[in-house]
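Where a number appears in this text, it was derived from the coordinates with a stated rule and is not lab data. These numbers were taken from a predicted model, which means no experiment stands behind them. Here the Cβ is made from the backbone with ideal geometry for all residues, glycine too, and neighbour counts use every protein chain on show.
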Amino acid sequence: MWPSIRAFLNIPENLTGKGVNIAVIDSSFAQHPDITSNRQRNTYLIQTSEPDTQPVLLQSNEGPWNKGLHGLWSATAAAGSGMLSNGFFTGAAPDANLYLLQTGSFYTSNDAEEKIGKALEWLKANWRSSNIRGVVLTVTATRDTGLLPWQADPVRILCEELMSEGLLIVSSSGNTKELTCDGPSASPSVLSVGGVIVPVDGDALHAQAYHGCRGNTFDNKWVPEILAPAGNVVLPMPFQSEEERLHHYTASYDNLPDGYARTEGTSYSGPIILGAAACIWQVNPLWSAAKVKEAILRSSTHSPHVWNELRSGLVNVSAAVNMNVSFDDEGFLATTPFLLWKSWKEREHTESLAALRSGDEEETLAALFSYFSEPLSIEMFHDIHPLLQHSSYKIRAAAIILLSECPETISIEDLRPLFKDTSSYVRMGVLYACGKCPDLWEQLLIDIAALFSDMDSDIQYASLTLAAQVKHPFFISPIIAGLMDDAVNQRVSTFSQRCHALEQITGIQFDSEPEWREGQCWYSARSTETRVGIARKWIAWQSS
């Protein structure tokens with residue numbers, strides 16, 4: 001039988017997160033007995049996109065549990081009770097109290113950003129009164145893949161603000177090895193989580209690296225920072241029929257209890273780390289979020305050979321609980337990215353302008369960031385515009401992002417050279433700016449399309465995302481031209497985004513053959529066969 005989360009991580013029996021409150025943000029949650037209230041803990045549902053956001057005690061129902069499954073899996077990875085497996089397949093902290101922040105469905109990336117923002121705003125207003133110690137975000141709300149400064153993203157701004165106040169924020173790093181990271185895990189203070197693949201023998205030293213995101217963000221943060229089970233994770237799988245169970249990629253030949261199956265994704269390694277934090281707080285209730293994060297990182301188990309490519313260690317709860325963490329909480333909180341940013345924003349306008357003109361790279365960059373989310377005056381424009389040719393790629397990137405907040409100040413002559421900039425961070429910045437300048441799209445079609453084959457997969461992904469927004473037929477041919485190469489070489493993210501852009505431009509969608517099955521690895525031979533089949537259909541469509 002496959003090992004449970006707690007067995008694989010060797011979490012001591014007495015460490016269950018008892019009495020610790022943690023939160024999970026997701027679109028919806030099934031009322032499954034593994035995450036609802038029981039004799040050991042309470043679970044509360046908060047509908048953060050509804051007028052009434054009062055926590056409601058969540059009780060289990062008899063199903064069918066066929067909706068809110070991603071939320072179910074995320075929450076059970078953190079604190080599932082294992083009710084339907086007689087307490088065997090539990091989450092990392094089965095006795096922790098759960099606050100399930102239900103955002104509602106996401107229909108667009110802007111929708112996701114707005115609704116996740118509302119959930120974070122609820123936490124901002126209520127985490128202290130509800131004594132919530134930490135929260136995990138497993139769903140995407142991102143304007144890029146970590147190549148923009150955190151100040152350009154309202155979700156990351158909220159994350160940094162909450163971390164500076166003392167709430168632990170954990171985020172899944174993403175599931176595809178071509179990209180730097182996914183969503184808020186790029187935020188400097190957020191604990192970003194990658195994964196390992198659980199081996200059948202349960203020996204952590206035999207675990208392989210999970211094929212998740214990895215790379216350096218704009219803010220020089222390496223993602224992921226910590227690892228937890230992301231492959232072969234056994235979670236509740238409420239099959240609606242025997243046919244559905246047999247259709248699952250692994251359930252038919254696993255010796256698992258009814259209603260459980262293996263699945264994969266950093267959507268589950270992220271919550272496992274939050275559950276681990278709950279276990280640490282159970283023993284050390286006076287530890288701050290920063291101290292718990294430090295203990296998790298410093299005590300992790302490293303493998304010199306097996307998952308070395310991820311440059312991070314596997315969480316070790318036993319070691320973290322007993323860490324002698326010498327940590328200056330007051331000093332840390334005084335120097336968080338958010339408070340440093342806030343202090344610059346509170347400076348006199350003349351002082352910030354002087355910093356822009358100073359020639360000092362660090363001062364110039366801090367001054368640029370201080371203007372983010374502020375109206376751009378003509379005087380500021382005249383000072384910022386020359387920085388598009390600055391020798392520092394960070395200053396060039398920050399300058400074009402800031403200027404894009406006032407699109408009428410930007411010309412084709414400003415944007416076009418930046419599409420060919422040597423820095424990926426600048427090219428990401430110009431794609432961001434281009435998205436805010438629809439009046440210039442028609443003149444930039446060739447420049448955008450050139451990035452579909454950029455050397456950096458992050459830039460390919462972002463340019464294809466922009467193409468889906470622009471929806472111009474000019475893009476069809478260059479998008480299809482790269483489909484088969486992406487399919488054969490298992491570039492999962494860019495292949496998916498090519499298909500999405502084509503669907504947005506043409507209104508056509510091709511079915512998968514062979515069809516996708518729950519539990520199927522994105523990098524398996526079957527998944528590759530599916531992508532090759534879709535590529536052939538698009539190529540045939542183009543030729544017809």
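Annotations
- The chain - percent relative contact order, Cα under 8 Å, separation 6 or more: 13 percent
- Per-residue [θ]222 nm for the chain (sum of -39500 (n - 2.57) over DSSP H runs n ≥ 4, rounded to 500): -11500 deg cm²/dmol
- 23 Å Cα-Cα threshold exceeded, pairs from LYS471/LYS537; LYS124/LYS291; LYS394/LYS436; LYS115/LYS221: LYS115/LYS221
- For the chain, the longest site-free run once GluC sites (Glu not before Pro) in DSSP loop states with at most 13 other Cβ atoms within 10 Å are removed: 63-345
- Rg over Rh for the chain works out to 0.97, using Cα positions for both radii and the Kirkwood form for Rh.
- Annotation for segment 97-138: trypsin sites (Lys or Arg not before Pro) lying in DSSP loop with at most 15 further Cβ atoms inside 10 Å of their Cβ are ARG128.
- Gyration tensor verdict on segment 129-244 (Cα atoms; rounded if a/c is under 1.5, prolate if a/b is larger than b/c, oblate otherwise): prolate
- Taking 0.36 nm per residue of separation and subtracting the Cα-Cα distance, full extension of the segment from ASN216 to GLN240 would add 4.4 nm.
- Each label was represented as a point 7 Å from its Cα along the Cα-to-Cβ direction; for GLU529 and GLU13 these points are 4.6 nm apart.
- Mean sequence separation of contacting Cα pairs (under 8 Å, at least six apart), scaled by the length of segment 258-381, corresponds to a relative contact order of 17 percent.
- For segment 457-539, the spread of Cα positions along each principal axis, largest first, Å: 34, 25, 21
- Between the alpha-carbon centres of segment 350-368 and segment 242-282 there is a gap of 50 Å.
- Charge-dipole axis of the chain as Lys and Arg at +1 and Asp and Glu at -1 on Cβ define it, positive-most pick from PRO55, PHE332, SER299: SER299
- Cα gyration tensor category, rounded, prolate or oblate, for segment 384-488 with a/c compared to 1.5: oblate
- Averaging the Cα positions of each part gives two centres, and for segment 373-447 and segment 188-213 these lie 38 Å apart.
- Once you reduce segment 1-44 and segment 80-131 to the center of their Cα atoms, the two points are 12 Å from each other.
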